[in-house]
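What follows is a single structure, written as structure tokens, with notes after it.
The values are calculated or read from the model by the stated rules, or taken from the named source; none is laboratory data. Given the structure is predicted, the values throughout are model-derived calculations rather than measurements. Reconstructed Cβ throughout: ideal geometry from the backbone, glycine too, with neighbour counts over all protein chains shown.
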Amino acid sequence: MALGSALGWRIDMTTVVLAGAGVLFVLLGNLMPLARSNFIFGIRTPWTLSSEQVWTRSHRIGGYVMVNAGLITLVGAFIGGTLGPSIALTSLVLAGIIPVVYSYLLWNRERRGPIHPTHPTHE
């Protein structure tokens, strides 16, 4: 695409880059739930790496979020003006933030353990 643009072809590089990013996020989002705990691919926070359950649940949600962000980015790629790229960028940033926050919340809940309400006995 860059070569075609340099040769004078009428190519909107913003559309091409955003569409490529959207497709990439859809593909990676589909792979996220399949990833086992590792130090190379995935949501590698201290929280996900410390618990297999947090890893699994975070990557399931992360996959959904990334696929949706990819689809939103694809739509944004074809919206003209500055609105399309703004929508795309917002969705991609949220796709990075939401799984990290979710993994922390899961880890914090797991660390605290189950909550057992105490009921005063009336005797």
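For this structure, a couple of remarks:
- The one condition in (1) free of Cβ contacts under 8 Å to residues at least 40 places away in the same chain; (2) under 12 Å from the mean Cα position of the chain (by Cα) that LEU49 fails to fulfil: (2)
- Some residue of the range 34-41 being within 26 Å of ILE87 (Cβ to Cβ) and touching a Leu at 6+ places or on another chain (Cβ under 9 Å): no
- Filtered residues of the range 56-107 (kept if free of Cβ contacts under 8 Å to residues at least 40 places away in the same chain, more than 19 Å from GLY22 (Cα to Cα) and of a type outside the set (S, T, N, Q)): VAL101, LEU105
- Answer residue from the range 41-73, given it is hydrophobic (A, V, I, L, M, F, W, C) and modelled with pLDDT under 95 and is nearest to GLY96 (Cα to Cα) among those: ILE43
- Members of the range 85-123 that are at pLDDT below 85 and either buried (at least 16 other Cβ atoms within 10 Å of the Cβ) or touching a strand residue (DSSP E or B) at 6+ places or on another chain (Cβ under 6 Å) (or both): none
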